[in-house]
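The values are calculated or read from the model by the stated rules, or taken from the named source; none is laboratory data. Given the structure is predicted, the values throughout are model-derived calculations rather than measurements. A quick note on method: Cβ atoms are made from the backbone with ideal geometry, for glycine too, and the neighbour counts reach across all protein chains shown.
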Amino acid sequence: MNFSQLMTLASGHVEARIVQSAVQLAVFETLPNGALSSEQVAVRLGLESKATELLLNALASMDLLDKQAGNFSLTEVARRYLLKRSSEYLGGMIRFDASLWGCWEKLPEAIRSGKPVRRPDMYQGDRCETEIFISAMDSLVKSRGDPEALAAALDWSKVKTLLDVGAGPATYPIALCRRFPNIHATVFDLPGTLRHTEEYVREAQLPERIEIVSGDYRSDPIPGNYDIIFLSNIIHGESTEKNAALLKKLARNLNREGQIVIKDHILDDSRTHPPVGAVFSLLMLLTTEGGRCYSFAEIKSWLEVAGLKHVRQIDLPPPLTSSLVIGARD
């Protein structure tokens with residue numbers, strides 16, 4: 001690493017705040033139909049004109065806007081990922097990242113205490129926080145192409161029953177049910193989340209194929225038996241002990257030859273690679289009670305203690321940064 005790379009790391013928050021602010025101010029939404037001057041953007045959004053020009057110039061320097069003859073327009077990446085009308089809109093995730101700004105500010109406090117700096121309530125304590133979180137999960141998964149990667153990684157042709165634990169917006173069950181008519185899914189999540197899940201399932205016109213069940217996977221019994229039990233970005237929010245107990249409980253809900261499929265940042269034995277997982281573990285320190293990213297060896301041991309066999313890892317293709325860990329009942 002050289003000096004310039006180090007400076008880029010140390011000041012990375014600057015670019016993040018510029019993008020987050022532009023999304024919050026609806027800058028990109030003012031430019032879908034052609035180029036505008038900074039004065040025109042400022043008037044439409046009720047912003048100060050000179051400050052708006054500074055922001056637009058910065059966005060152009062970052063290749064999110066194109067500037068020609070004093071007018072600004074969207075680049076292809078902005079049109080693809082930063083317009084709400086796009087099926088790959090990433091704004092929900094950007095909005096969520098912005099909401100975590102206060103948590104990251106308190107990272108030294110968390111390092112000193114080893115405790116989270118916000119209430120570890122899975123974003124259930126405030127309806128606005130719940131909506132931001134659920135929208136972020138849906139936004140990230142759709143824009144990155146996670147459901148397509150999951151569909152391609154496994155053989156779904158014989159799967160009839162799917163349980164998605166902590167499914168949030170039900171993005172995976174919706175995508176899988178649309179693609180595979182043989183699948184009927186059950187979503188198990190907290191009641192605050194499910195108020196939003198119901199809307200996503202209703203909009204997808206899949207209420208007859210996706211059942212919604214309210215509960216806390218850490219303490220409540222989980223009904224039914226399933227061919228696949230899926231956990232996406234669940235284990236990183238829990239401690240080693242809670243994950244081991246959860247997988248042992250879920251193993252009892254598997255049909256014969258059923259599988260538990262875990263999707264998460266899977267670390268190597270050093271717990272430093274992939275870097276995204278090592279960094280993400282600090283967010284879990286800030287926001288959960290004992291959560292972090294785990295290695296394949298750790299997850300494999302939980303699954304084997306739960307009675308599962310043939311545990312394997314499947315790395316998902318870029319731009320995904322996560323992997324699947326799969327254990328089978330028989």
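Odds and ends about this structure:
- Checked against the criterion of being touching an Asp or Glu at 6+ places or on another chain (Cβ under 6 Å) and crowded, with 17+ Cβ neighbours inside 10 Å, the candidates 49, 73 yield just one match: 73.
- Any hit, segment 142-149, residues being surrounded by 20 or more Cβ atoms within 10 Å (Cβ to Cβ), of a type in the set (D, E, K, R), in a strand (DSSP E or B) and at pLDDT 95 or above: no
- Condition met for residue 80 (basic (Lys, Arg), under 26 Å from residue 16 (Cβ atoms) and either modelled with pLDDT under 95 or crowded, with 20+ Cβ neighbours inside 10 Å (or both)): no
- For segment 1-30, a residue qualifies if it is within 27 Å of the chain's Cα centre (by Cα) and outside any helix (DSSP H, G or I), and the qualifying residues are 11, 25, 26, 27.
- Only one of the listed residues (70, 91, 145) is farther than 19 Å from residue 235 by Cβ, in contact with a Lys or Arg (Cβ under 8 Å, 6 or more places away or on another chain) and among the small types (Gly, Ala, Ser). That residue is 91.
- Search result, residues across segment 31-64 that are among the small types (Gly, Ala, Ser), more than 17 Å from residue 79 (Cα to Cα) and not in a helix (DSSP H, G or I): 37, 46
- Residue list for segment 264-298, restricted to those being closer than 30 Å to residue 225 by Cβ, surrounded by 21 or more Cβ atoms within 10 Å (Cβ to Cβ) and either touching a Phe, Trp or Tyr at 6+ places or on another chain (Cβ under 7 Å) or hydroxyl-bearing (Ser, Thr, Tyr) (or both): 265, 266, 293, 294
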